[in-house]
Amino acid sequence: MTTGSERPGAPVTRRITIRHRLEYLAVQAVQLAVQLMPRLCQMWAGPWLGALFYKMDRRRRTTAVANVRAAFPERTDSACRAIVRASFANVGRHVLELLRFDAMSVEQMMDLVEFEGVDRVEQAMAAGRGVMFFSGHFGFWELMVMVHASRFEPILMVVRPLNNSLLEAMVERVRTRVGTRVIPRQGAIRGLLRALLEHRSVGMMIDQHMHDRSAVTVEFFNRPAATTSSIAALALRTGVPVIPIFALPLERGRYRMIYETPIEAPDPESPDAVHMMTQRCTDVLETYVRRYPELWLWMHRRWRVVDAVAGTGDPGFSDTDPSGAGAAGTGGD
């Protein structure tokens with residue numbers, strides 16, 4: 001997210017507006033309702049909430065449809081819109097599940113999850129070095145942090161703070177209640193490097209547009225996308241394994257945590273090593289998004305490199321994702 005040459009900025013005091021307070025009260029009300037209602041009702045309410053987002057948020061809906069059309073040019077317009085509706089529904093489910101998991105005990109939470117690829121994590125950790133995990137805003141990314149920390153050990157993750165500091169404090173409390181530590185994107189590279197040298201686990205997101213000096217341009221769905229190079233740079237410097245991680249929904253409100261095969265690192269002496277490894281990480285994410293397109297956050301303006309060339313950029317568009325969850329699970333833009 002940042003490069004070693006960047007310096008952490010001074011703490012920024014964000015003004016709390018009336019709108020921020022109203023948003024916070026609304027989320028608190030929803031959280032109370034979710035924790036009081038039977039989980040079966042909550043599982044129905046989540047997609048309904050997503051459908052409400054879809055109808056009300058014209059800007060993100062338009063962005064999402066355009067992204068899906070460009071990613072799947074062979075699909076019909078109705079098929080693309082169906083993917084977008086399903087993506088919004090997934091966000092709605094995700095939001096309500098996050099609010100419910102906040103009130104669950106670790107045992108209750110883990111009873112809903114099954115794992116695949118645990119041996120890959122255990123082997124990486126047994127080497128006595130740090131481990132890097134990465135994912136995207138895919139599936140149930142916020143739950144990955146809580147579940148992983150409960151199954152293995154807490155991680156240090158990079159986050160993009162929400163614009164609403166009241167909601168940011170709420171989400172951070174949820175993320176950290178199982179021991180996970182979070183650091184802001186600005187100046188994060190030092191904290192991540194320190195954690196890896198101390199043989200701890202760290203995590204980041206790789207699927208949002210980057211506009212700082214850490215960005216490299218790779219191919220994502222056959223289009224250039226500015227992507228963080230921090231994972232590749234840190235892995236090549238420290239030699240730690242890099243493991244992709246995804247959380248998929250199953251029937252009856254259950255989940256599967258998948259730990260993929262570690263990314264094969266290129267020769268660190270290669271002048272193109274950082275770009276090559278960043279592309280390899282991106283390719284794994286693309287494989288999952290192609291397989292389950294309804295589980296990705298299409299409403300983010302991911303391909304702004306293309307937009308800038310085409311002259312269609314929208315500088316007024318906010319990077320804050322509609323779930324209110326920011327870039328969690330493993331950090332992000």
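Laid out as a table, the results:
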quantity	calculated
Cβ-derived FRET efficiency at R0 51 Å, Asp272 paired with Gln28, nearest 0.05	0.55
Label-point gap, in nm, between Phe72 and Thr238 - each point 7 angstrom along Cα→Cβ	3.7
Dipole-positive endmost among Thr278, Gln123, Thr176 within the stretch 111-310 (Cβ charges, Cα centre)	Thr176
Separation of the Tyr292 and Ala79 label points, Cα + 7 Å toward Cβ, nm	2.1
For the chain, built as a Gaussian network whose Cα springs stay under 10 Å, the top-fluctuating residue of Gln123, Gln28, Gln279	Gln123
Kirkwood hydrodynamic radius of the stretch 45-116, Cα pairs, Å	13.8
Label point 7 Å beyond Cα of His199 along Cβ direction - residues of the stretch 89-123 with amide nitrogen under 17 Å	121-123
Max mean-square fluctuation residue, GNM over the chain, Cα-Cα springs under 10 Å, options Ile263, Ile245, Ile18	Ile18
Using a Förster distance of 22 Å, the FRET efficiency for Leu36-Asp111 (Cβ separation, nearest 0.05)	0.60
Given charges at beta-carbon only (K, R positive; D, E negative), |dipole| of the stretch 111-310 in Debye	600
Fraction of antiparallel bridges per DSSP, the stretch 111-310 only, in percent to nearest 5	40
Mean separation of Cα contacts under 8 Å (6+ apart) over length of the stretch 111-310, as relative contact order %	30
Pairwise FRET efficiency - Arg19 versus Arg213, Cβ, R0 = 30 Å, nearest 0.05	0.35
From the coordinates shown, Cα extents along the principal axes in Å corresponds to which of [x] 54, 49, 42; [y] 105, 42, 32; [z] 69, 41, 35	[x]
Theoretical ellipticity at 222 nm over the chain - DSSP helices of four or more residues, -39500 (n - 2.57) apiece, nearest 500	-15000 deg cm²/dmol
Spin-label proximity, Trp48 to the stretch 261-297 - amide N less than 15 Å from point 7 Å beyond Cα toward beta carbon	none
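FYI, it's all coordinate maths here, none of it is from the lab. Note that the structure is predicted; figures quoted are calculated from it, not measured. Using ideal geometry, Cβ is built from the backbone for each residue, glycine included, and neighbour counts are taken over all protein chains shown.
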